[in-house]
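The values are calculated or read from the model by the stated rules, or taken from the named source; none is laboratory data. In this text the structure is predicted, and so the values were computed from the model without any measurement. Note: ideal-geometry Cβ built from the backbone for every residue, glycine included; neighbour counts use all protein chains shown. Each accessible area value is taken on the protein alone, full model and side chains, heavy atoms only, with ligands, DNA and RNA left out. Shrake-Rupley method; radii C 1.70, N 1.55, O 1.52, S 1.80 Å.
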Amino acid sequence: ALMVLTGLLVTALLVQQGMQMGLSVVQVLRAIPLFIPNTLPYTIPATTLFACCVVYGRLSHDNEVVAIKAAGVHLFTILKPALLLGVISAVTTAGLYHTAIPLSQQMLYQQLLENPEELLYNMLRRDRCIRHPGMGYVMYVRDVQGKRLIDVVIKKRAKLKSGKQEAYFGYDVVARAREARLRVDQVEGKLYVDADRIVIYDKNTLGASGSNAPFPMDLPEGLNGKDSKTRISAMLWEELPARIELARQDTDGAEKRRQDNRDAAMNISNLDLRQLTLDQDRHFKMQVDYFRRTQRNLEAEYYLRPALAFGCLLFALVGCPVGIWANRADYLSTFVICFLPVMFIYYPLLLAGSGMGKDGKIPLMLGCWLANIVFAAIAIVLNIRLLRR
């Protein structure tokens, strides 16, 4: 069951990601071994529940449970194998999250982004534009013919500085070219647009014909594979606390700069200058929201990894009484019975709880563990009723 479910999930997710990034069939096939560990924390709990429901459903259907009780054996004896299976599954999932998954994610990102030039061409073929939050430029094209870009428009995003922090807002330079090609220099971290003729418009000129020199742009780290170790899913367990602390410091610093800007505005006697200073508050708010969102995503990852591992044990404890109560020997009935609570209770609660925690509506730890708390209550009630039979 684990092999089948993992295979289906890997195929579906890789096909989706391949279509989004424009990956070739060869790239998708090479990514499969590195993508498998990332799906196991979701397939191991589900198949643990399925295995328990199948085994104990057969025991109940064949009247083995009745025979055990008639022999004077306490029903807790038959729960021990499921408990052991749950512990093994939980420890395995925790071990995957500790080392195997982060390392495989780092290798996967490096492999997918080993040819950023081809990736950028694929993005332009699919979206007709390149827009990245860490990129100081936005590029639009009308068409892509092989390696030729037709009717290229490049807009340089205006950069606002506040101390050591920078943010993009609006555009201050626009360049156009009838035809161009892309060239990536990973050593320099640059993306060059080679065009026959570039026309540049900025604040001081209505139109200026540029030379045929390449138009340089900084290549964001997200497109050159250098940040493969800084992505949240690719961080080792022992790296998360330090990153969370740094994120908290960034959030506190952004909030302090925002408050300093407000205080400075209140000390300005000129109303026009005061309003101009207050108008900058939205830019500081964007920085605060960005750093707070990064902090909460890191904290959510810190809570979700043990929560998903512990879920394996809960699924095993739920599967025993559910299988005995269902009294089914066929796989189809067991599949429906065990996967319905997973699809309609556990994972919706997991997603909703973590989402509300990230939004600050409920404590983040409570949100990430909400599904486990509900399933723990269900497991306790079901097993108490089973043992009292």
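Miscellaneous remarks
- Picking from residues in the stretch 1-32 that are over 19 Å from the mean Cα position of the chain (by Cα) and at pLDDT 85 or above, the one that is most open to solvent (accessible area, probe 1.4 Å) is Met3.
- Remark: pairs (first residue in the stretch 103-118, within 12 Å of Ile36 (Cα to Cα); second residue aromatic (Phe, Trp, Tyr) and in a helix (DSSP H, G or I); Cβ separation under 7 Å; 6+ apart in sequence or on different chains) = Leu108/Phe35.
- Matching residues, the stretch 246-289, being within 30 Å of Gln106 (Cα to Cα) and either of a type outside the set (Val, Ile, Thr) or loosely packed, with under 12 Cβ neighbours inside 10 Å (or both): Leu246, Ala247, Arg248, Gln249, Asp250, Asp252, Gly253, Ala254, Met286, Gln287, Asp289
- Odd one out for Val174 among (1) more than 30 Å from Tyr303 (Cα to Cα); (2) among the hydrophobic types (A, V, I, L, M, F, W, C); (3) at pLDDT below 80: (3)
- Residue satisfying condition, being open to solvent by less than 60 Å² (accessible area, probe 1.4 Å), in contact with a Cys (Cβ under 8 Å, 6 or more places away or on another chain) and either without any contact (Cβ under 8 Å) to a residue 40 or more places away in the chain or assigned to a helix (DSSP H, G or I) (or both), within set Gly353, Gly311: Gly353
- Leading residue by the ranking (modelled with the lowest pLDDT) among those in the stretch 57-74 that are among the charged types (D, E, K, R) and in a helix (DSSP H, G or I): Lys69
- Unique match (being closer than 30 Å to Val381 by Cα, touching a helix residue (DSSP H, G or I) at 6+ places or on another chain (Cβ under 9 Å) and either at pLDDT 80 or above or aliphatic (A, V, I, L, M) (or both)) among Ala309, Ala254, Ala264: Ala309
- Condition met for Thr48 (of a type in the set (Ser, Thr, Tyr) and either more than 24 Å from Ala379 (Cβ to Cβ) or open to solvent by 60 Å² or more (accessible area, probe 1.4 Å) (or both)): no
- Residues in the stretch 205-245 that are among the hydrophobic types (A, V, I, L, M, F, W, C), surrounded by fewer than 13 Cβ atoms within 10 Å (Cβ to Cβ) and either assigned to a helix (DSSP H, G or I) or at pLDDT 80 or above (or both): Ala242 alone.
- Residue that is within 18 Å of Val87 (Cα to Cα) and among the basic types (Lys, Arg), where the choices are Arg328, Arg385, Arg305: Arg305
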